Amino acid sequence: MHTRFTQAFGIRHPIVCAPMGYITGGRLAAAVSAAGGLGIIGGGYAGAFGSGPDLHDELALVQGHTFGIGFITWALARNAGMLDEALSHHPACVFLSFGDPAPFAPAILRSGARLICQVQCLRHVQEALDAGASVIVAQGTEAGGHGARRATLSLVPEVADHLAKRAPDALLLAAGGIADGRGLAAALMLGADGAVVGTRFWASQEALTPQAAVERAIAANGDDTVRTQAVDALRGVDWPKEFSFRVLRNRLTDEWSSREAEAWDAFGSLREAYAQAREQDDLDVAAAIAGEAIGLIHDRPSAGSIVESMAAQAQQLLQRGTSYLSR
Ligand SMILES: Cc1cc2nc3c(=O)[nH]c(=O)nc-3n(C[C@H](O)[C@H](O)[C@H](O)COP(=O)(O)O)c2cc1C
């Protein structure tokens, strides 16, 4: 499937594995890239909140493939040295989300890597372009993990129109709710050059996701996620207020998701309990991080087979073209 995005990155399929912190390690990124997509290692909070998977080890696993690395921008600002370390491994791109990319853009562009910025509204698009991003990811609220309020279906074409007028060379990817070839075909129809896929790869064999979390997600459907700020407030991670966290509902979110103001008043009160729950896979407290697309996920296949089947289904659907119209 050739699009402007596959041509720019020299890959076969316009499918990007999202840089999911603690989930997209080197094995998953390498598997997606080997299958013809683009794997982006999740650098998450850039080590600003204690340790996660060792970035060096994860980067070693992806050498020899075209790969990228992603960071949560406001957290990278607290541990900016992490960017130089990442750039020393020669990623094809750096994927920044959630915060002002401008302070980091010069070093990224100087290194020869492309800057990909994930955005949630039109104001972010302009900030990303001003910083020098060559790829914009329009992320809809369906997405797993952090995000904001706009839905994919209208955000993507609105950003496509904006780019057509202001920055026609910039590439556009759609994110949020895309888990199969139907979603990929739809994203291309909306004006995107490809898709960023998180939740579907979260439930792949190579992801670092605990099996218990995948099993819970497979048993759930798309009604069973919630977007809330309460989890971050209680676990003491001071996310900027324009963002919230989509997770699989559990006992903690049932109790707190609609009490965000109270949760901020109780900032950090569950820090230790939450960290312990994560270590012990206690999914009643530590939420499984997944988007509305879990309703489309019923298994944990290899990442390579996800790439192949998503691309094949999208291609088949797009080729059917006008046959969708009744005669
Ligand atoms: C488990 C999980 C962790 C995520 N972590 C990050 C992250 O660290 N940085 C980031 O930019 N986006 C992160 N995201 C959001 C993705 O970049 C992407 O927008 C989203 O997964 C797309 O929607 P989908 O989950 O419906 O495919 C995460 C998503 C998930 C599901």
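Keeping to the stretch 186-205, report how many residues are within 15 Å of the ligand (Cβ to nearest atom) and over 14 Å from the mean Cα position of the chain (by Cα). Even if it seems obvious, please write down each step before you answer.
We begin by selecting, within the stretch 186-205, every residue within 15 Å of the ligand (Cβ to nearest atom); these are 186-187, 190, 192, 194-204.
Pick out the ones that are also over 14 Å from the mean Cα position of the chain (by Cα) and you get 186-187, 190, 192, 204.
Qualifying residue count for the region: 5.
Restricting G183, G176 to those that are within 30 Å of R271 (Cα to Cα), in the same structural domain as I40 (by TED's automatic domain parsing), near the ligand (Cβ under 9 Å from one of its atoms) and touching a residue at least 24 places away in the same chain (Cβ under 8 Å) reduces the list to G176. Among residues of the stretch 279-299 being more than 18 Å from R182 (Cα to Cα) and either among the aromatic types (F, W, Y) or within 14 Å of the ligand (Cβ to nearest atom) (or both), the one that is surrounded by the fewest Cβ atoms within 10 Å (Cβ to Cβ) is L283.
Residues that are within 15 Å of the ligand (Cβ to nearest atom), surrounded by fewer than 20 Cβ atoms within 10 Å (Cβ to Cβ) and small (G, A, S) within the stretch 67-99 comprise just one, A77. Residues considered: R149, R123, R166. Of these, the only one that is in the same structural domain as P14 (by TED's automatic domain parsing), in contact with a strand residue (DSSP E or B) (Cβ under 9 Å, 6 or more places away or on another chain) and among the basic types (K, R) is R149. Just one of the listed residues (S134, S111) is more than 15 Å from the ligand (Cβ to nearest atom), under 21 Å from G39 (Cα atoms) and in contact with a helix residue (DSSP H, G or I) (Cβ under 6 Å, 6 or more places away or on another chain), and it is S111. Scanning the stretch 250-289 for residues that are under 18 Å from V226 (Cα atoms) and of a type in the set (A, V, I, L, M) yields a total of 9.
Can you name the number of the only condition in (1) over 25 Å from P53 (Cβ atoms); (2) free of Cβ contacts under 8 Å to residues at least 24 places away in the same chain that R278 fails? Every condition holds for R278 apart from (1). Within the stretch 1-60, the set of residues being more than 16 Å from the ligand (Cβ to nearest atom) and among the basic types (K, R) comprises R4, R12.
Answer yes if at least one residue in the stretch 151-159 is within 14 Å of the ligand (Cβ to nearest atom), under 24 Å from V237 (Cα atoms) and not small (G, A, S), and no otherwise. For the stretch 151-159, residues within 14 Å of the ligand (Cβ to nearest atom), under 24 Å from V237 (Cα atoms) and not small (G, A, S): absent.
Candidates W202, W239: the one that is among the aromatic types (F, W, Y) and in contact with a helix residue (DSSP H, G or I) (Cβ under 7 Å, 6 or more places away or on another chain) is W239. Here the helices (runs of 4 or more DSSP H) wholly within the stretch 134-224 that include at least 1 residues being surrounded by fewer than 17 Cβ atoms within 10 Å (Cβ to Cβ) are 152-166, 181-189, 211-219. Here the condition is being farther than 22 Å from E279 by Cβ, at pLDDT 95 or above and of a type in the set (V, I, T); of T209, T253, T228, it holds for T228 alone.
For the stretch 253-273, filtering for residues that are of a type outside the set (S, T, N, Q), surrounded by 12 or more Cβ atoms within 10 Å (Cβ to Cβ) and under 16 Å from W239 (Cα atoms) leaves 9.
Is at least one residue of the stretch 232-247 in contact with a strand residue (DSSP E or B) (Cβ under 8 Å, 6 or more places away or on another chain), closer than 24 Å to R27 by Cα, of a type in the set (V, I, T) and in the same structural domain as G70 (by TED's automatic domain parsing)? No: the stretch 232-247 contains no residue that is in contact with a strand residue (DSSP E or B) (Cβ under 8 Å, 6 or more places away or on another chain), closer than 24 Å to R27 by Cα, of a type in the set (V, I, T) and in the same structural domain as G70 (by TED's automatic domain parsing).
The values are calculated or read from the model by the stated rules, or taken from the named source; none is laboratory data. Source: prediction; values computed, not measured. FYI the Cβ positions are ideal-geometry reconstructions off the backbone, even for glycines, and counts take in every protein chain you see.
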